[in-house]
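Taken together, the values in this text are just the output of simple stated rules run on the coordinates, not laboratory data. Model, not experiment: these values are computed from the prediction. Here the Cβ is made from the backbone with ideal geometry for all residues, glycine too, and neighbour counts use every protein chain on show.
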């Protein structure tokens, strides 16, 4: 495990990305997998094939030049969202808790540019930050057994789109018709770590036209 | 050429050695929970080490063969029969077109591996055939086996009738010791909490699956409720707010925010996955060096026991 900071911020994220590139180059085939997150990188190697101390030495030497690595600028992806009580069952309660109207919540959620900080939990689940403080809301006290596919949700200052039906404890405020993960398509995801994401409010009709599902 | 599922049993999953290199999309590893039993299944059948087999959870699988080939069952003590006649586990048996292969329910252990000569021919997804039901990926359409599923496999005639002598077969027990490498969040667990963790007996709860095993016992307190979400390795032991340890296994989520007291050795995580609810677990701390030596020993001895040949 490699720690590059202790809070979620854009600078640490850039450092995590630069380190990921450097480690991939340095370890090559000896790298089994890499899990980047907000401020850390889990580096997996096969202890049956590689010596731990050699791996640590190679990591140290590739990370000393880390600052010099160019930081790649991510793409911007716009995701349409149908914000409504019927598509996001917690929208009204979240607005009430925040002392705002649902329109204001939608406005605050869709006027912020988010960064993809990490991908994980489930295939295609992108952790986006940071949500405007006024609409930051803690997780539900007990997670739901089933969150509908495409649900747009908030947990503290993070937001995400649920790529498939799954259990979940985040607050649901709308639904996105874009598939966040498709197994047999390259690339499988519309976003990558480091990318910028914006949400664009769309009508019920437009949501359905784009292939959205309200069931 | 194929085998057809008559009865899928409790939970039967196609598995190869697992998916690698796709954690960044959020994909977990999948693969056999008991790596040793999986390894012997393919080794006995003289297959490549990554061949696709069926992981049978609890038991109750029934297949019919449309091909002449060889099969082998390893792992938990599930009775195996071919056309109603009991056959030894950890041994290669010939099967012919029209045969009915049946496994009963395990007496000790929870998971067995049924392999076929050459492996089942399944289209890989992200480089692997491993079924991860939660992700709908691998196997046949990402699902457990169902009645009527056809499992393609080749007609094979030349295979030695190898077996692993009974004295060399693993003994599945109801109490095990899991060796643990203390983890990155060690400092968040006070000395007394660590002592309690390493000196108590934990029981396997009902809430155990391929994602993780939840244990029950004296609760462990942590100085923090959560950490900034980070990658989770195989065998990681999370301590959620209720203080009850969760050992994360093959189908674990890739990222999580619960503090971890350490990580179980992969060898011991395999044994853990064979435990049924109610079985007991002790944890013992080990250094990284000791863990490495244990792994090297397993590679050289545990997985390389000599196989004998049966001459009918």
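General observations
- Helical contribution to [θ] at 222 nm, DSSP H n ≥ 4, -39,500 (n - 2.57), averaged over the protein assembly as shown, rounded to 500: -5000 deg cm²/dmol
- 0 to 90° range, to nearest 10: angle between helix B:35-44 axis and chain B longest Cα axis: 20 degrees
- At 1.567 mPa s and 4 °C, Stokes D of the range B:1-97 from Kirkwood alpha-carbon radius, µm² per second: 90 µm²/s
- Between B:106, B:192, B:284, the Gaussian network model of chain B with springs among Cα atoms under 10 angstrom shows the greatest mean-square fluctuation at B:192.
- Annotation: average projected area of the range A:2-68 is 4.2 square nanometres, based on the convex hull of Cα atoms across all directions.
- Max mean-square fluctuation residue, GNM over chain B, Cα-Cα springs under 10 Å, options B:33, B:272, B:140: B:140
- Exposure proxy order (Cβ contacts within 10 Å, fewest to most) of B:100, B:82: B:100, B:82
- Highest to lowest packing among B:285-298, B:243-256, A:10-23, scored as the average C-beta count within 10 Å: B:243-256, A:10-23, B:285-298
- Mean separation of Cα contacts under 8 Å, 6 or more apart, over the residue count of the range B:166-263: relative contact order %: 31 percent
- Taking the number of Cβ atoms within 10 Å of each Cβ as an exposure proxy, the fewest-first ranking of A:161, B:53 is A:161, B:53.
- Angle in degrees between helix A:10-27 and the longest Cα principal axis of chain A, rounded to the nearest 10: 40 degrees
- Gyration tensor (alpha-carbon) shape descriptor, the range A:76-209, a/c threshold 1.5: rounded
- Gyration tensor (alpha-carbon) shape descriptor, the range B:35-84, a/c threshold 1.5: oblate
- A crude spin-label estimate for the pair residue B:284 and residue B:105, with each label 7 Å from Cα along the Cβ direction, gives 3.3 nm.
- Prolate/oblate/rounded call for the range B:175-300, Cα gyration tensor, a/c under 1.5 rounded: rounded
- Ordering B:303-312, B:157-166, B:177-186 by mean Cβ neighbour count within 10 Å, with the highest value first, yields B:177-186, B:157-166, B:303-312.
- Euclidean distance of C-alpha centroids, the range A:164-186 and the range B:243-282, integer Å: 28 Å
- Fluctuation leader among B:83, B:174, B:50 - chain B, Gaussian network, Cα springs under 10 angstrom: B:83
- DSSP-defined beta bridges in chain A - what % are antiparallel, rounded to 5: 80 percent
- Where labels lie 7 Å past Cα in the beta-carbon direction, separation of residue A:25 and residue B:302 in nm: 3.9 nm
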